1. Over the Cα atoms of region 1-105, what radius of gyration and what Dmax do you get, in Å?
2. Once amide H atoms are built 1.01 Å from N in the peptide plane, which residues 5 or more positions from VAL81, or in another chain, come under 5 Å H to H?
3. I'd like the Karplus ³J(HN,Hα) series for region 54-69: coefficients 6.51, -1.76, 1.60, θ = phi - 60°, whole numbers in Hz, and an x wherever there's a Gly or Pro.
4. Set the Förster radius R0 to 25 Å, insert the Cβ-Cβ distance between ALA113 and GLU186 as r into 1/(1 + (r/R0)^6), and round the FRET efficiency to 0.05.
5. Go through region 1-110 and name the chymotrypsin sites (Phe, Trp or Tyr not before Pro) that are in a DSSP coil and have 15 or fewer other Cβ atoms within 10 Å of their Cβ.
6. Tell me which label goes with the value of Kirkwood radius over Cα pairs in Å computed from the coordinates here: (i) 18.7; (ii) 15.6; (iii) 22.0.
7. Suppose each label sits 7 Å from its Cα in the direction of the beta carbon; what would the SER92-HIS66 distance come out to in nanometres?
8. Report the gain in length on full extension from MET39 to LYS57: 0.36 nm times residue separation, minus Cα-Cα distance, nm rounded to one decimal.
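Just so you know, all these numbers are worked out from the coordinates, no wet-lab data involved. It should be emphasised that the depicted structure is a prediction, and the values quoted were computed from it without experimental measurement. Heads up, the Cβs are rebuilt from the backbone with ideal geometry, glycines too, and the neighbour counts pull from every protein chain shown.
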Amino acid sequence: MIAIGSSTGGPQALANLFEALSPALDRIPVLVVQHMPPMFTAILAERLARDAGRQTKEGVDGEILHPGTIYVAPGNHHMTVHGSRPSRLGISGGPPVNFCRPSVDPLFTSVAANFGPAALGIVLTGMGQDGAAGVRSIADAGGSVIAQDEMSSVVWGMPGAAAATGACAAVLPPLGIARVVAKLIEGQRP
């Protein structure tokens, strides 16, 4: 399971990541939290579908996750995952976390709880520290975390906070992240 969090500069970083990574995504679902208000997340999903060349949609509460599909958290709603066989989305309007809704931390925490060592968290460009607590959850559960590097980030707040936790296996630009993730999906050592 791949879970990705991003904010300022995220749409372009996501587009770059998915364009490079798309062929390797056939076997797993991908969950994305992008800090955006309602309406804009649907537009983001349409754009990412074109960039990735695969089904990309806003998540729906209770929906079963399918490999090869990218799910984007709807604006103003948190997105979590429940169960591992099958996995279902949880969409809620709970209170903001880290001043954000959607927030990366609830997604990462739920992915860690349900997928443990099979979880991969990716933190891309963005302001603040959303995702930092979640990356610790993923690492503590035996999963892996990768953050975007400072040079390629529009704002290195979120990935910088993730890197500062010491839980990241790597800090790379989006194309470097795509190469590592493709190798992990194929079962190779990066």
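1. 12.6, 36
2. For VAL81, whose amide H was placed from the backbone, the distant partners under 5 Å are GLY90, SER110, VAL111.
3. Whole-Hz 3J(HN,Hα) from phi for region 54-69: 8, 4, 9, 8, 5, x, 10, 4, x, 5, 7, 7, 10, x, x, 10.
4. Approximately 0.45, to the nearest 0.05.
5. Details: sites: PHE18, PHE40, TYR71, PHE99, PHE108; in loops: PHE99.
Answer in residue order: PHE99.
6. (ii)
7. 2.7
8. Details: separation 18, 0.36 × 18 = 6.48 nm, distance 1.23 nm.
My answer for the length gained is 5.3 nm.
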